[in-house]
Amino acid sequence: MEYRYTPNRVCLIDANNQILAETTYPDVDEHTVNINHTWVDSSLRGQHVAERLLKIAAEQLRLQQKKAVLTCPYALKWFSSHPEYGDLVR
């Protein structure tokens, strides 16, 4: 399995190139994204996959000097429990 970053999306891909988990964050404007969706296949739940997706997304946003609005319930919860990434939330 491999975590793969593409603009506005981080996903976990298996050996057959199937998506097993993803988080998406479309652009709101040139400096802001909306983290709007996080999904993990039921076979991987409880293995901290969603947490890893959000961490990768947060690191990408920091590199791109972007901020995020949070409409995904999991992202709201994750960012509230990871204050070290609080500077990324608009």
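In this structure, is ASN16 in a loop (DSSP other than H, G, I, E, B) and of a type outside the set (Phe, Trp, Tyr)?
Details: in a loop (DSSP other than H, G, I, E, B): yes; of a type outside the set (Phe, Trp, Tyr): yes.
Yes, satisfied.
Considering each of LEU44, LEU76, LEU53 in turn, give the residue that is over 24 Å from GLU2 (Cβ atoms) and not basic (Lys, Arg).
Working: LEU44 fails: over 24 Å from GLU2 (Cβ atoms); LEU53 fails: over 24 Å from GLU2 (Cβ atoms).
Criteria check complete, one pass: LEU76.
Here is a list: ALA58, ALA50, ALA68, ALA75. Which entry is part of a strand (DSSP E or B) and surrounded by 12 or more Cβ atoms within 10 Å (Cβ to Cβ)? Can you show your working first?
Numbers: ALA58 fails: part of a strand (DSSP E or B); ALA50 fails: part of a strand (DSSP E or B); ALA75 fails: part of a strand (DSSP E or B).
Sole residue among the options that is part of a strand (DSSP E or B) and surrounded by 12 or more Cβ atoms within 10 Å (Cβ to Cβ): ALA68.
If you take the residues of region 35-46 that are more than 16 Å from ILE19 (Cβ to Cβ) and out of contact with any Ser or Thr (no Cβ under 6 Å at 6 or more places or on another chain), which of them is surrounded by the most Cβ atoms within 10 Å (Cβ to Cβ)? Spell out how you get there, then give the answer.
Start the filter on region 35-46 by keeping residues that are more than 16 Å from ILE19 (Cβ to Cβ), which leaves 35-36, 46.
If we keep only those that are out of contact with any Ser or Thr (no Cβ under 6 Å at 6 or more places or on another chain) as well, we get 35, 46.
Values: ILE35: 26, GLY46: 7.
Restricting to residues being more than 16 Å from ILE19 (Cβ to Cβ) and out of contact with any Ser or Thr (no Cβ under 6 Å at 6 or more places or on another chain), the top hit is ILE35.
Just name the residue that is nearest to the chain's Cα centre (by Cα) out of those in region 1-13 that are part of a loop (DSSP other than H, G, I, E, B) and either of a type in the set (Ser, Thr, Tyr) or exposed (fewer than 13 other Cβ atoms within 10 Å of the Cβ) (or both).
Applying the filter and picking the extreme gives PRO7.
Quick one: how many residues across region 60-83 are farther than 10 Å from ILE35 by Cβ and out of contact with any helix residue (DSSP H, G or I) (no Cβ under 9 Å at 6 or more places or on another chain)?
Residues that pass the stated criteria total 8.
Read-outs: derived from the displayed coordinates by stated rules, not from any lab. None of these values were measured; they are calculated from a predicted model. A quick note on method: Cβ atoms are made from the backbone with ideal geometry, for glycine too, and the neighbour counts reach across all protein chains shown.
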